[in-house]
1. I need the peptides 256-263, 131-138 ranked by packing, meaning the mean over residues of other C-beta atoms within 10 angstrom, with the highest value on top.
2. So how tilted is helix 228-240 from the main axis of the chain? Cα-based, degrees 0 to 90, rounded to 10.
3. Please compute the per residue accessible area over the chain with all protein chains in place, 1.4 Å probe, rounded to a whole number of Å².
4. Arg58 accessible area, nearest 10 Å², 1.4 Å probe?
5. May I ask you to evaluate 6.51 cos²θ - 1.76 cosθ + 1.60, the Karplus curve with θ = phi - 60°, for each residue of the stretch 148-163 and list the ³J(HN,Hα) values in order in whole Hz, giving x for glycine and proline?
6. Taking every DSSP beta bridge that has both residues in the stretch 17-277, what percent is antiparallel when rounded to the nearest 5?
7. Using +1 at the Cβ of each Lys and Arg and -1 at the Cβ of each Asp and Glu in the chain, identify which of Gly91, Val73, Val103 lies farthest towards the dipole's positive end.
8. Compute the signed sum of charges (Lys and Arg +1, Asp and Glu -1) over the other residues within less than 14 Å, Cβ to Cβ, of Ala153.
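The values are calculated or read from the model by the stated rules, or taken from the named source; none is laboratory data. Bear in mind that the values here come from a model prediction, so they are computed numbers and not experimental data. Using ideal geometry, Cβ is built from the backbone for each residue, glycine included, and neighbour counts are taken over all protein chains shown. Heavy atoms of the whole protein, side chains included, go into the accessibility calculation; ligands, DNA and RNA do not. Shrake-Rupley method; radii C 1.70, N 1.55, O 1.52, S 1.80 Å.
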Amino acid sequence: MKNWLSKKNTSPSHNAYAVVTGAGSGIGRSFAMELASRQSQVVCSDINLAAAEETAERIRKAGGKAYAVRCDVGNAEEVAQLADEAEALLGHPVSLVINNAGVGIGGKFDEMSLDDWHWCMNINLWGVIHGCHHFVPRFKRQGHGAIINVASAASYTAAPEMSVYNVTKAGVLALSETLSSELKKNNIKVNVLCPTLVPTNIIKSGRLPGRYSKLADHALMNYSMTTSEAVAKLTLDRLDKGQLYTTPQVDAKVFWMMKRASPKWYTNLLGLSYQFFK
Ligand SMILES: NC(=O)c1ccc[n+]([C@@H]2O[C@H](COP(=O)([O-])OP(=O)(O)OC[C@H]3O[C@@H](n4cnc5c(N)ncnc54)[C@H](O)[C@@H]3O)[C@@H](O)[C@H]2O)c1
């Protein structure tokens, strides 16, 4: 059996002992369900314990093993406790952490308050830093491990009126790229997920100006080219293949290539289209 014990773990999403943050909804819930279908045991963690418990219950009803733990990823101590509690519940060291919890925010740069910046940075960026900070030393000690960090295509698209969100996700991308090379010798695999629109609750629960929150939610629910289930499956498959990046949709790939091919041309084009459509 290729499991977490083997030194050369080629399939870290199977038979894993996993922790998923933000597992009470959307992409996090889909990660938890998909992991369970791969015979992994899952600690479903969320700031909303009832939502995490619902995910865990769905897994148990389907015959899997899952536990629910409340944790605010923006709080370093709570994430440290999550790492201890997960190991105790699973009865094994954790082999895979998915730093998924995140929130949405949009609006013009000068509409953003410093509270908006701190709120979003604390969850989207510090939440991922806390997860890596508390799990990487454990993975190093045990000689293996795997990390999926959920960024966004926003980490490189730099779309207008998304400054706060873009900055948090660019940080997640940079951290993931750094860890991927730094931790290779420690047998720790890293994947970073960069999707465009995925139909979830992110707009409903986020901070968006009224003028476009309905429009954004409509676009998310009706024009995304994928589902949270497909995104979770693809990301776990890419982790198993040792791939660093997951850009699930065609538009995510096209933006990626345009930005890499000519950042100046890409940014000019974005500015012109923004002026035109505004
Ligand atoms: N939906 C999209 O279009 C999209 C696109 C790109 C990236 N993402 C990213 O995917 C991740 C998951 O978002 P989603 O779309 O599934 O949204 P969602 O709102 O459906 O789920 C997010 C979950 O995170 C939890 N959460 C929020 N704050 C938390 C905190 N401080 N600590 C712990 N849990 C917390 C929420 O309770 C919720 O269960 C986020 O990081 C988001 O930025 C989403």
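1. The densest-packed peptide leads the list: 131-138, 256-263.
2. The angle comes out near 60 degrees.
3. Per-residue accessible area for the chain comes out at 47 Å².
4. 110
5. 10, 9, 8, 9, 4, 4, 4, 5, 10, 6, 6, 5, x, 6, 9, 4
6. Values: 0 of 27 bridges.
The antiparallel fraction comes to roughly 0 percent.
7. The one lying farthest along the dipole's positive direction is Gly91.
8. Values: positive: Lys169, Lys253, Lys259, Arg260; negative: Asp251.
Neighbourhood net charge equals +3.
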